[in-house]
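Heads up, the thing below is written out as structure tokens.
Just so it is clear, none of the values below were taken in a lab; they were calculated from the coordinates. Note that the coordinates shown come from a computational prediction; the quantities given were computed from them, not determined experimentally. Glycine gets a Cβ as well: all are built from the backbone with ideal geometry, and neighbour counts include every protein chain shown.
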Amino acid sequence: MKNNKKDNRAQQGQLNDALMSIMTIAGQMTFGKDNDNLNLLDFKPDENGVVLTAFTGDCKVQIMRDGTVHIVEKKYKYKKNKKLFREDNSSLSLGRDGYYYFFFKFPQSRKMELPDELFLQASNIANKFDNKYIQKKGRSRK
């Protein structure tokens, strides 16, 4: 039996039950601009007992043909790791998880040169890292 995309995302823990349910709330919505000329949207429920949860994020707002307003939170875009050092076929970056990543890409047509190039480029990046972060702080690599 095939699962649809919504079920797959829920199984992966990307959506919780509150986000998967839909609730209709009557109220007043006001569109406008704030002092910085940014779009502003306010909503006030008609009923006093309604509890809404605040969130921060980017949203897409659509006005439908029947006049209803459709607001969807945009997905978080993964930010690539910033490269610290770069060589011809390799790079070193620091991930958001606190780990360093060494990436090496080399064409198969030059496979006989691979061991030498890998050693050379990794050594160059290691020397650059050493000069910038280790020796600069007064530490030695003994």
Counting every C-alpha pair in segment 82-134, the percent lying more than 12 Å apart is 65 percent
Of the peptides 81-87, 127-133, 25-31, how do they stack up when ordered by the mean number of other Cβ atoms within 10 Å, highest first? 81-87, 127-133, 25-31
Going through the cross-link list Lys44/Lys80; Lys44/Lys75; Lys74/Lys105; Lys33/Lys77; Lys44/Lys79, which pairs have a Cα-Cα distance over 29 Å in this structure? Lys44/Lys80; Lys74/Lys105; Lys44/Lys79
Which value, in debye to the nearest 20, describes the size of the charge dipole of segment 82-134 about its Cα centre when Lys and Arg Cβ atoms bear +1, Asp and Glu Cβ atoms bear -1, and nothing else is charged? 280 debye
How big is segment 40-142 by Rg and Dmax over its Cα atoms, in Å? 25.4, 74
